[in-house]
1. Kindly indicate whether A:ALA209 is under 21 Å from A:GLY31 (Cβ atoms), in contact (Cβ under 8 Å) with a residue 40 or more places away in the chain and either open to solvent by 70 Å² or more (accessible area, probe 1.4 Å) or out of contact with any helix residue (DSSP H, G or I) (no Cβ under 8 Å at 6 or more places or on another chain) (or both).
2. What are the residues in region B:1-26 that are farther than 12 Å from B:LEU43 by Cβ, in contact (Cβ under 8 Å) with a residue 12 or more places away in the chain and part of a loop (DSSP other than H, G, I, E, B), if any?
3. May I ask you to list pairs of residues, at least six apart or on different chains, whose Cβ atoms are under 6 Å apart, with the first in region B:135-148 being under 29 Å from B:VAL96 (Cβ atoms) and touching a residue at least 24 places away in the same chain (Cβ under 8 Å) and the second being of a type outside the set (A, V, I, L, M) and open to solvent by less than 10 Å² (accessible area, probe 1.4 Å)?
4. Do you know which residues across region A:41-65 are over 20 Å from B:GLY126 (Cα atoms), buried (at least 19 other Cβ atoms within 10 Å of the Cβ) and in contact with a strand residue (DSSP E or B) (Cβ under 7 Å, 6 or more places away or on another chain)?
5. Name every residue in region A:128-179 that is open to solvent by less than 60 Å² (accessible area, probe 1.4 Å), among the hydrophobic types (A, V, I, L, M, F, W, C) and assigned to a loop (DSSP other than H, G, I, E, B), in order of residue number.
6. For residues in region A:18-31 being more than 11 Å from chain B (Cβ to nearest Cβ) and touching a strand residue (DSSP E or B) at 6+ places or on another chain (Cβ under 7 Å), which is most open to solvent (accessible area, probe 1.4 Å)?
7. For region B:74-90, does any single residue satisfy the condition of being crowded, with 24+ Cβ neighbours inside 10 Å, at pLDDT below 95 and either within 7 Å of another protein chain (Cβ to nearest Cβ) or under 23 Å from the mean Cα position of the chain (by Cα) (or both)?
8. Run A:GLY62 past the list (1) more than 9 Å from chain B (Cβ to nearest Cβ); (2) at pLDDT 95 or above; (3) on the phi > 0 side of the Ramachandran plot and report the number of the one that doesn't hold.
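The values are calculated or read from the model by the stated rules, or taken from the named source; none is laboratory data. Since this is a predicted model, take the numbers as computed values, not measurements. Using ideal geometry, Cβ is built from the backbone for each residue, glycine included, and neighbour counts are taken over all protein chains shown. SASA here: full protein model, heavy atoms, side chains in, ligands and nucleic acids out. Shrake-Rupley method; radii C 1.70, N 1.55, O 1.52, S 1.80 Å.
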Amino acid sequence: MATSKIVSLEEALARFHDGQTVMIGGFTNVGSPNQFCRALADTGIRRLHIIANDAGNDWQDGIGTFIVERRAVRLTASHVGLNPVVGQLMNEGVLEVTLVPQGTLVERIRCGGMGLGGVLTPTGVGTLAAQGKQVISVGGRDYLLELPLRAEIALIKAWRADTAGNLVYRRTAKNFNPVMAMAADLVIVQAEEVVEVGELDPDQVCTPAACVDMVVPL
Amino acid sequence: MEHRERIARRAARFFRDGGLVNLGIGLPTQVVNYIPEGIHVQLQSENGFIGIGPIPDADGWDHDVVNAGGRPASILPGGCTFDSAMSFGLIRGGHVDATVLGALEVDQEGNLANWIIPGRKVPGMGGGMDLVVGARLVIVAMEHCTKAGAPKILRRCTLPLTAPHSVDYIVTELCVLHYNGAGLILEELAPGITVEEVRTKTQAELILPEQIGRME
């Protein structure tokens with residue numbers, strides 16, 4: 001029997017500290033570990049560097065929690081337009097935002113999790129996204145060299161997890177979660193439902209248990 | 001016919017049967033309402049699914065299904081879901097046949113600017129840069145001028161680019177322009193619109209073919 005990775009919320013929260021780089025799964029808070037984010041913010045954590053597709057919204061909900069409550073000092077994301085607080089904090093000079101094309105963001109995280117030294121993408125060539133980046137020509141076409149992105153903690157959400165940490169995602173709540181599950185030193189999962197080992201169809205498992213450190217049923 | 005409907009109707013006629021299409025937010029989303037009979041396309045949503053269905057009512061909404069704007073959505077029978085790496089692999093890899101999107105500015109070199117107004121609006125590029133680079137056919141669907149009446153089709157974009165030399169067609173309420181790699185060709189005029197009127201409202205240089213079609 002595999003060792004259980006089910007932990008309490010408190011055990012998982014104890015792994016966080018100020019100033020960490022944290023990847024958070026989700027797309028406009030769908031597929032984000034929203035309850036965990038709320039609990040993490042309530043610990044009083046500060047100075048986070050958040051890597052996520054977007055900044056959620058301007059409610060105290062999901063990823064947006066850390067922005068609205070000024071608990072992040074850096075944000076790496078592809079789109080922040082749905083959370084007007086981001087622009088406000090940028091203007092105040094208290095939040096440093098790095099915008100990355102969405103396909104490039106996911107590929108950089110994928111590189112970080114899959115042992116690759118980078119990826120060549122045509123996206124962003126000839127735009128502001130190319131600033132400071134090496135351009136490499138392959139077969140007559142220009143590509144940007146985009147480097148791997150990793151975090152100390154990946155905080156993701158699964159629909160179902162077994163006690164060993166195998167994960168199944170649902171519908172559009174998949175998004176960045178499977179990729180982030182491979183790209184951090186510590187992977188913490190908020191699971192909607194936890195089942196015994198053997199209850200998940202192996203063909204349905206999207207993230208193997210080997211990638212997961214902690215599962216918090218919430 | 002209302003401007004936006006005319007634009008959406010014409011843009012929809014670029015789709016080929018069986019194609020995979022990605023529509024931007026705003027006017028481009030309306031294109032789905034005018035797809036010609038006999039043409040069936042599947043719509044991709046870059047947050048991770050194919051088969052965008054009707055907007056569900058509050059009771060019928062599955063909260064795990066949203067569109068690329070984060071709004072409630074539904075998945076049609078035959079649709080499928082996937083993660084963001086697959087979603088952008090489809091886009092960059094040339095598996096999306098066409099994308100329709102709006103623009104702040106387009107120019108005679110096929111450059112598109114639609115993601116940032118420095119100092120005023122900095123929402124981020126989201127998936128826009130990937131779509132413009134990766135989709136096989138890039139169709140800009142927009143009103144010909146700004147609300148203040150200023151040209152949006154320029155000699156050279158002034159705003160930061162989404163991608164250089166990537167636009168294939170521009171569809172406005174006045175005309176259809178085709179970027180062929182060398183310049184903008186005035187391919188079609190809307191009923192009652194003259195070449196002179198388009199020229200007056202366009203800063204870019206236009207190439208006039210021997211025969212200009214009628215924009216249906």
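1. Numbers: under 21 Å from A:GLY31 (Cβ atoms): yes; in contact (Cβ under 8 Å) with a residue 40 or more places away in the chain: yes; either open to solvent by 70 Å² or more (accessible area, probe 1.4 Å) or out of contact with any helix residue (DSSP H, G or I) (no Cβ under 8 Å at 6 or more places or on another chain) (or both): yes.
It is true that A:ALA209 is under 21 Å from A:GLY31 (Cβ atoms), in contact (Cβ under 8 Å) with a residue 40 or more places away in the chain and either open to solvent by 70 Å² or more (accessible area, probe 1.4 Å) or out of contact with any helix residue (DSSP H, G or I) (no Cβ under 8 Å at 6 or more places or on another chain) (or both).
2. Residues satisfying the conditions are B:ARG13, B:PHE14, B:ARG16, B:ASP17, B:GLY18, B:ILE25, B:GLY26.
3. Here the result reads B:ALA135/B:THR99; B:VAL138/B:THR99; B:ALA141/B:PRO28; B:HIS144/B:THR172, each pair linking region B:135-148 to a residue that is of a type outside the set (A, V, I, L, M) and open to solvent by less than 10 Å² (accessible area, probe 1.4 Å).
4. A:LEU48
5. Correct list: A:LEU149, A:ALA164, A:PHE176.
6. Checking each candidate, the answer is A:THR21.
7. no
8. Checking A:GLY62 against (1) more than 9 Å from chain B (Cβ to nearest Cβ); (2) at pLDDT 95 or above; (3) on the phi > 0 side of the Ramachandran plot, the one that fails is (2).
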